[in-house]
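Below you'll find the structure, written out as structure tokens, and then a few comments.
The values are calculated or read from the model by the stated rules, or taken from the named source; none is laboratory data. Here the structure is a predicted model, which means the values were calculated and not measured. Glycine also receives a Cβ, built like all others from the backbone with ideal geometry; neighbour counts cover every protein chain displayed. Only protein heavy atoms, including side chains, enter the accessible area calculation; ligands, DNA and RNA are left aside. Shrake-Rupley method; radii C 1.70, N 1.55, O 1.52, S 1.80 Å.
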Amino acid sequence: MNAQFKKGVLEMCVLVLLGERDRYGYELVQDISHLFEISEGSIYPLLRRLRDEGSVSTYLQESAGGPARKYYSLTADGRAVRDTLVDEWNEFARAVGTLLEGTHAEG
Amino acid sequence: MQKDEYIRNLRKALSRLPESEREDIIADYEEHFSVGVSEGRDEADIAGALGDPRSLGREHAALFLVREAEIDPSARGLGRAVAATVGLGLFNLLVVLLPFLLLVLILILILVIGFSLACSGPLLTGYSVLSLLGIMPSGLSAPPLAGVFFGIGLTSAGLFLMVITGWLMRIFYRLGIRYLRWNISVITGKEVL
């Protein structure tokens, strides 16, 4: 898939996944890379930026039989950002979908 | 690449950051490795999927320095943020370093002009007052009284320019930070992502 496509939606995907439930970094990477291929390490600069912007917060939690893991959770600000991004995405996807259908009908 | 080598390369790329921030970033990647290994993946596989540690480290460093420059504005902080962002790719010499240097040059130029005007005003006024009082010979083609007011005008214009420069600097600083952040998000991760 086109790299710029993915980069644009990666932030939205992270916010949506964290809106479902809190996740730790590795889990987040796996859940996204099941859907499309990403450079796994790039999720961490993104998470750090989202934390700096106040969209996500972090806490440490013990895991069964291992060291503590850093969990990420969506803040109220983050929910607002997510909703805006999802609305924009839906509007965009609908517009592009309409265009594609029109082209197919003619072709 | 095994975990130790990966972390070592990452740490090297983060060497300019304060230790607490550096170790905090590294801890995320160490956790990533340890979870991966506990799920049965081997280190080389995890390292490959994570992507180049040097470019990840440079991205982290640039993001951190831009944020520092935003929280605690200073010429030095901005310089470091710009340098770190320029280091992300050759292309940034053209779209970050060059505009930055031009902008600094223009602002310094306006400041110098403002300063010179502000300084020359009192000289002109003083000279004109002295020639009005007959202490100095009137060497100006204009009447001395006009010189007095023209001098005051020059000073005001100079001070005004200096104030404007300060104001422009603050605006450009804020916009510059936003631009750097946008640049980092666009320029990084394009190989694999």
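Only one residue in A:L74, A:L47, A:L10, A:L85 is in contact (Cβ under 8 Å) with a residue 24 or more places away in the chain and touching a Phe, Trp or Tyr at 6+ places or on another chain (Cβ under 7 Å). Which one? Give the steps one after another, and end with the answer.
Details: A:L74 fails: touching a Phe, Trp or Tyr at 6+ places or on another chain (Cβ under 7 Å); A:L10 fails: touching a Phe, Trp or Tyr at 6+ places or on another chain (Cβ under 7 Å); A:L85 fails: touching a Phe, Trp or Tyr at 6+ places or on another chain (Cβ under 7 Å).
Selected residue: A:L47, the only one of A:L74, A:L47, A:L10, A:L85 that is in contact (Cβ under 8 Å) with a residue 24 or more places away in the chain and touching a Phe, Trp or Tyr at 6+ places or on another chain (Cβ under 7 Å).
Can you say whether A:V16 is away from chain B (no Cβ under 11 Å), of a type in the set (A, V, I, L, M), touching a Ser or Thr at 6+ places or on another chain (Cβ under 9 Å) and on the phi < 0 side of the Ramachandran plot, as far as the supplied structure shows? Answer is no for this residue. A:R51 falls short on exactly one of the conditions (1) open to solvent by less than 50 Å² (accessible area, probe 1.4 Å); (2) under 21 Å from B:L63 (Cβ atoms); (3) within 12 Å of chain B (Cβ to nearest Cβ), and that condition is (1). Scanning for something within 17 Å of the chain's Cα centre (by Cα) and within 10 Å of chain B (Cβ to nearest Cβ), does segment A:72-82 turn up at least one residue? No, there is no match, as no residue in segment A:72-82 is within 17 Å of the chain's Cα centre (by Cα) and within 10 Å of chain B (Cβ to nearest Cβ). Residues that are open to solvent by 50 Å² or more (accessible area, probe 1.4 Å) and more than 12 Å from A:M12 (Cα to Cα) within segment A:87-105 comprise A:E91, A:F92, A:R94, A:A95, A:V96, A:T98, A:L99, A:L100, A:E101, A:T103, A:H104, A:A105, listed in sequence order. Criterion first (crowded, with 18+ Cβ neighbours inside 10 Å, under 30 Å from B:R54 (Cβ atoms) and among the aliphatic types (A, V, I, L, M)) does B:L180 satisfy it? Here the answer is yes, as B:L180 does meet what is asked. No other residue among A:T84, A:T58 is part of a strand (DSSP E or B), open to solvent by 50 Å² or more (accessible area, probe 1.4 Å) and more than 20 Å from B:E39 (Cβ to Cβ) apart from A:T58. For segment A:19-42, the set of residues classified as surrounded by 14 or more Cβ atoms within 10 Å (Cβ to Cβ), out of contact with any Phe, Trp or Tyr (no Cβ under 8 Å at 6 or more places or on another chain) and away from chain B (no Cβ under 12 Å) consists of A:G19, A:D31, listed by residue number.
What is the residue count in segment B:6-22 for residues that are without any contact (Cβ under 8 Å) to a residue 12 or more places away in the chain and more than 20 Å from B:V66 (Cβ to Cβ)? Show your work before the answer.
Narrowing segment B:6-22 to residues without any contact (Cβ under 8 Å) to a residue 12 or more places away in the chain: B:8, B:15, B:18-20, B:22.
Cutting the leftovers down to more than 20 Å from B:V66 (Cβ to Cβ) gives us B:8.
Total meeting the criteria: 1.
When A:P67, A:P45 are checked against the criterion of being open to solvent by 20 Å² or more (accessible area, probe 1.4 Å) and within 11 Å of another protein chain (Cβ to nearest Cβ), a single residue qualifies: A:P67. Scanning segment B:134-163 for residues that are among the small types (G, A, S) and in contact (Cβ under 8 Å) with a residue 40 or more places away in the chain returns B:A157, B:G158.
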